[in-house]
Every structure is written in structure tokens, then in C-alpha cells.
Amino acid sequence: MISRLLMSVSQNEIERTSERTKVGLAGAIKSGHIPHVAPLGYKHEDKRLVIDYSTKDIVVRIFDLYYNGYSYQKISNIFNEEKVLEKDNWRDSTIQTILENEIYKGDFVHGKRTKHPTYYEDVVEPIISKEMWSDCQVQKKKNSRSYQRTLTYLYLQKLKCPKCNRILGGKATTKKNGNAYFYYYCNDCKIEFKEKVINDYFNQFISELVEYDSVVNQFFLPMIKQKFDEPKEQLEKEIKEQNNKLERIKKAYINGVFELKEYNEEKKIVENAIEELQNKLDTTDCVEELKFTPKDILLKRDIDFINKVKLEKEYQARTKTWKDYTRQEQADLIMKYVDDIELDIIGTEVVVKQINFRESICKPCQELYDNGYIDTTKPMILGNVLGSVRFSNYLPEEEVGEIIMRLRQYYDVGYAEATYYVDKQMFYFNFAEDNSAIVRVFPLEDYYKLDPDNKMETYRFGILYINEEDKFQMQEIDTAFDYIPDETNTSVIYTKEPIPISVGVKPVKFCEEMQEETN
């Protein structure tokens, strides 16, 4: 009896110890103490897993290349050719392991190879977004190698069969005149249709897609995000750590720990890391000096709209539209933005039911719109003519005033107010007789919060407009396209006469030449 009692006590103690160990381990993991070797892009600091800014961009590049259709083997070949991290032994299995590791989106799976793994969310700072990680897992199922083709299919791997919901295949015929005609089909359901069916639907909003890609993605979001993703203090800390590491390597060589060849190899790796970090720090300093803000996005789009009206020839010459893109560029844009396209059958005809855009792409745009920093185009009847108007969300009065004054450095922009009748869904104002063009319409109060059920009878809206006879005021027309007025300028002078004026401006695109000028 005593023996059985002692064995029972021992067993209970073992179970309690095991339970305490599991609880302690779970708590440690949730605090960022990951019990594994730090993967590429991370390092251990005070027992916690933190981002290693000297190698972070390599991970970002791997995900970006795979997201854009490169296979594991292709990525490893590129890295071997470039000798990334001074290595020429990158393997496709290494790339695959990185792409499948949940740690890069901030999560961790403990006991992944066991029957009962434990999933922990948001335990470390992520290097890539959860949406990007998920998109790459979807890309893996679609076999990324199929995108590297001689003929470019705009919608390959994007179209679903309206009957069986499988991904459709693509084929093309080339005529004697050299023109290629593309088709999509489902062998199982015996469905086939021309690419033109999708193009006709897609063209309804493709211009807005191109505008968003060029203005927001290329110019502003990278600059705004860079200030948060790579804070100046963190980069300076990383440079200091790398310099300390360089000193330790030198001392180790002096003490005979390293041979000269090994010393030179280790020294080169650290010096390259320092150079890369310093370049990022210089870029961050320049971006912070320019003080780019979300308001710049709205301001740039307002100026582009006015340029399109007032400087039409110059605008057309400088603006790349969908028809100006090569077929490969069009396919890249669709790959970047579109998740998949759902089809339907009406009678015997195949029609587009719905286009599903990637959440990781649309989310930043929606956030900017919700906060009033980007516009959308809405249909509107102007007199007896069906047209459209640029509409943006609510912004505080002081921010609206700032944008108007900055616009007036380039153009004589007018401001008026209009009443919107909720029941009739109608504005009451008239600019057509005054030869005026509406730049943008926006609510003067946050009606989403004030009137979520649309019970109010009227809303107040602000209107920005320009007169037909208004001319661009700067001496150099290029200024209207390459720069935007700087919000730090306090002496705003504007006139309808085309005389030169001095205003503070900042470039809309960051480049090396700009960096040299600011230095």
C-alpha cells in the first residue's frame, strides 16, 4: 500500500512539474522568448527574438520575389549569382523553409512536427504582413513556375470555372499577321471563352487601378511606411552593434583566433552590413527632412486632376495609361492586385461575376480613404448629363484649409459649400454656367459617426473648384508634375497673372539625385 501511495505521489509530482513547465514555456513564448535558433532576419537580444535590420531586407525580398511569380529554384539561383550574404550555396529548400515559416508574420508554432502542435499568434515583431504571408501560401498551391511563359496570359491562375470552381487553363492562337488571341478554358466542363470577355469588364475601373498604383504605391506609401518600419534610432543602434562586432573580429585576429583569410571574409560581411545600414539611415534622414505625410497624397491627386484639365497636352504626355503598358506590365499589375476572378454563365455566355482584390493591397487604400487622405470617383448627374465627381471622406477643418492654401500656390482654387438632401440623394449647386470644374467634394462633418442610420435630412459638403480661365502660375510647367507645395511655406502668394513666385516645394518621388541635392 505504501509503495503504491509513493508511486501515486511521484506520478502526481511529475504531472504537476510537466504542467508548470508547459505553462512557463507558453508564457515565455508569448513574451517573445522563442526556444529556437534565430531564423534569417531575426536575432536574439536579451533572450527575446527581435528583428535584425542588417538581414531583414533579404527576407522581404524573398517573399516579394515569390509573390511576383518566381520559383524556389529561381530565387536561389538569383541569390547565388549575387552572392547574397557572401554565400553561393543557397538552395530551393532554404527558400521554401523561409516562405513557410510563420515567424515572419509574427506567429510561432511550437511542436510543429508533433501530433499536437501549439499555435501562438503575434509573439514577435513581424517582418512581413499576415496578408502577404497568406498570399504566398496561396501562390505555392498555384505553382509559381507557370507564370514564367513565352506568351503572357493576363488572367492565368486568376479565373475560376463558373461550374466546378477550378482554376481555368489558358491557350493562345497566333495569326499570320503576328497577332496573338488568348482564350481560357475548363476541360472538365467544356467551357471556353475569349480574353476580351474579361477585358471589357476590367476596363471599367482599370484607370483608377493604374492611378492608385502610380500615386500611392510608388510615391507615398513606401516613404510613409519607411519612417515607421525603419526608425532612425533602431538603425543607429544596429550600426553601433556592427561596429562593435568589427572591433571584436579585429581583436580576435590579433590574438590569433582567425587566419588572415578568415579575418578578411568576416570583416567583409560586417562592413557590407554597415554600409547597407548606413544607406538606409541616410534615406531615412532624407525622408524625415522632407516630412512626407498622408495629406501629400490627397494634395498630389488634386493637382493631377487640375493638371489634367488645365495642362491636358502636358498631362497626357507625362501620364502612362493602361493602353501604354506592355502586356507583361499589365499582367504584373493584375498579379499584384487581383486575387481571383469569379465567373458566371447567363444562358450560354460567360460573364464576370466578381473580381476579388488582394486584401494586402486594398487595405492601405481603404484606411487612407476612411481617414480622408485619398479620394474615390462617384457617379453623379450634372444637369442632364451623367458624369462623375471625385469624393473624399471627412477631414478636420484646419487640414482642409491647409490643403486649399497649398493648392493655391499653384492654381487659383475656389471653395464653396453645397447642401446634400439625403432622401433625394441630390446636391444643390451649379458650377456649369460659371465655366467651372469641380476638383473634389467632401463632407464638412463626419456623418458616418453623426448619422449612421441616415436620419438627418441634409448634409453640408465642401467643394473645391477651378475656373476655366485660371492658368498655371509657376514659370516651369514641370513643377506642376514633379513637385508639390511644401506645407512649411507660410507666405503664400497667388495670382491669376503668370508671374514667377517663390514657394517651398518638395519632389513627389525620392531618388538619388534628390538625395544629393538635399545633402
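The values are calculated or read from the model by the stated rules, or taken from the named source; none is laboratory data. None of these values were measured; they are calculated from a predicted model. All Cβ positions, even for glycine, are placed from backbone atoms using ideal geometry, and neighbour counts span all protein chains on display.
Yes/no matrix, rows are residues, columns are (1) touching a residue at least 12 places away in the same chain (Cβ under 8 Å); (2) in contact with a strand residue (DSSP E or B) (Cβ under 7 Å, 6 or more places away or on another chain); (3) assigned by TED's automatic domain parsing to the domain that holds LYS245; (4) small (Gly, Ala, Ser):
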position: LYS47; (1), (2), (3), (4): yes, no, no, no
position: ILE51; (1), (2), (3), (4): yes, yes, no, no
position: LYS56; (1), (2), (3), (4): yes, no, no, no
position: ILE62; (1), (2), (3), (4): yes, no, no, no
position: TYR67; (1), (2), (3), (4): yes, no, no, no
position: SER71; (1), (2), (3), (4): yes, no, no, yes
position: LYS74; (1), (2), (3), (4): yes, no, no, no
position: ILE78; (1), (2), (3), (4): yes, no, no, no
position: LYS87; (1), (2), (3), (4): no, no, no, no
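Restricting attention to the range 334-375, the residues being out of contact with any Asp or Glu (no Cβ under 8 Å at 6 or more places or on another chain), assigned to a helix (DSSP H, G or I) and of a type in the set (Ser, Thr, Tyr) number 0. Out of all the residues in the range 169-182, is one or more modelled with pLDDT of 85 or more, part of a strand (DSSP E or B) and touching an Asp or Glu at 6+ places or on another chain (Cβ under 7 Å)? Yes, the range 169-182 contains at least one residue that is modelled with pLDDT of 85 or more, part of a strand (DSSP E or B) and touching an Asp or Glu at 6+ places or on another chain (Cβ under 7 Å).
Which of the following residues is of a type outside the set (Phe, Trp, Tyr) and crowded, with 16+ Cβ neighbours inside 10 Å: LYS43, LYS87, LYS83, LYS47?
Testing whether each residue is of a type outside the set (Phe, Trp, Tyr) and crowded, with 16+ Cβ neighbours inside 10 Å leaves just LYS43.
Name the single residue, out of those in the range 101-130 being within 23 Å of the chain's Cα centre (by Cα) and free of Cβ contacts under 8 Å to residues at least 24 places away in the same chain, that is farthest from ASP46 (Cα to Cα). Outline the logic, then answer.
Of the range 101-130, the ones within 23 Å of the chain's Cα centre (by Cα) are 101-107, 121-122, 124-130.
Cutting the leftovers down to free of Cβ contacts under 8 Å to residues at least 24 places away in the same chain gives us 107, 121-122, 126.
Details: ASP107: 19, GLU121: 21, ASP122: 19, PRO126: 18 Å.
The residue in question is GLU121.
Scanning the range 316-372 for residues that are under 27 Å from PHE442 (Cα atoms), among the polar types (S, T, N, Q) and in contact with a Leu (Cβ under 9 Å, 6 or more places away or on another chain) gives a single hit, ASN371.
Quick one: would you say LEU333 is touching a Lys or Arg at 6+ places or on another chain (Cβ under 9 Å) and either within 29 Å of VAL309 (Cα to Cα) or not assigned by TED's automatic domain parsing to the domain that holds LYS190 (or both)? Considered against the rule, which asks whether it is touching a Lys or Arg at 6+ places or on another chain (Cβ under 9 Å) and either within 29 Å of VAL309 (Cα to Cα) or not assigned by TED's automatic domain parsing to the domain that holds LYS190 (or both), LEU333 comes out as no.
Sub-6 Å Cβ pairs linking a first residue in the range 265-291 that is surrounded by fewer than 18 Cβ atoms within 10 Å (Cβ to Cβ) and part of a helix (DSSP H, G or I) to a second residue that is of a type in the set (Ser, Thr, Tyr) and at pLDDT below 85, at least 6 apart or interchain, are CYS286/THR518, ordered by first then second residue. Among the residues of the range 31-51, those identified as at negative phi and touching a Leu at 6+ places or on another chain (Cβ under 8 Å) are HIS33, ILE34, PRO35, ALA38, TYR42, LYS43.
Close contacts from the range 169-180, counting a first residue that is among the hydrophobic types (A, V, I, L, M, F, W, C) and a second that is exposed (fewer than 10 other Cβ atoms within 10 Å of the Cβ), with Cβ to Cβ under 8 Å and a gap of 6+ residues or different chains, come to ALA180/THR173.
I'm trying to understand the selection: among the residues of the range 120-152, which are aromatic (Phe, Trp, Tyr), touching a Phe, Trp or Tyr at 6+ places or on another chain (Cβ under 8 Å) and modelled with pLDDT under 80? Please lay out each step first, then the result.
Start the filter on the range 120-152 by keeping residues that are aromatic (Phe, Trp, Tyr), which leaves 120, 133, 147.
Restricting the remaining residues to those that are touching a Phe, Trp or Tyr at 6+ places or on another chain (Cβ under 8 Å) gives 120, 133.
Those that are aromatic (Phe, Trp, Tyr), touching a Phe, Trp or Tyr at 6+ places or on another chain (Cβ under 8 Å) and modelled with pLDDT under 80: none in the range 120-152.
Taken as a whole, the structure places GLN204 among residues that are within 20 Å of GLU329 (Cβ to Cβ), modelled with pLDDT under 85 and not in a helix (DSSP H, G or I).
For the range 247-259, the condition holds for at least one residue, the condition being that it is at pLDDT 75 or above, outside the structural domain of VAL389 (by TED's automatic domain parsing), outside any strand (DSSP E or B) and polar (S, T, N, Q).
Given the residues ARG390, ARG406, which is the only one that is buried (at least 17 other Cβ atoms within 10 Å of the Cβ) and in contact with a Leu (Cβ under 7 Å, 6 or more places away or on another chain)? Let's see the steps before the verdict.
Details: ARG390 fails: in contact with a Leu (Cβ under 7 Å, 6 or more places away or on another chain).
Testing whether each residue is buried (at least 17 other Cβ atoms within 10 Å of the Cβ) and in contact with a Leu (Cβ under 7 Å, 6 or more places away or on another chain) leaves just ARG406.
Of the strands (runs of 3 or more DSSP E) entirely within the range 32-112, those holding at least 2 residues that are under 28 Å from LYS267 (Cα atoms) occupy 42-45, 48-51.
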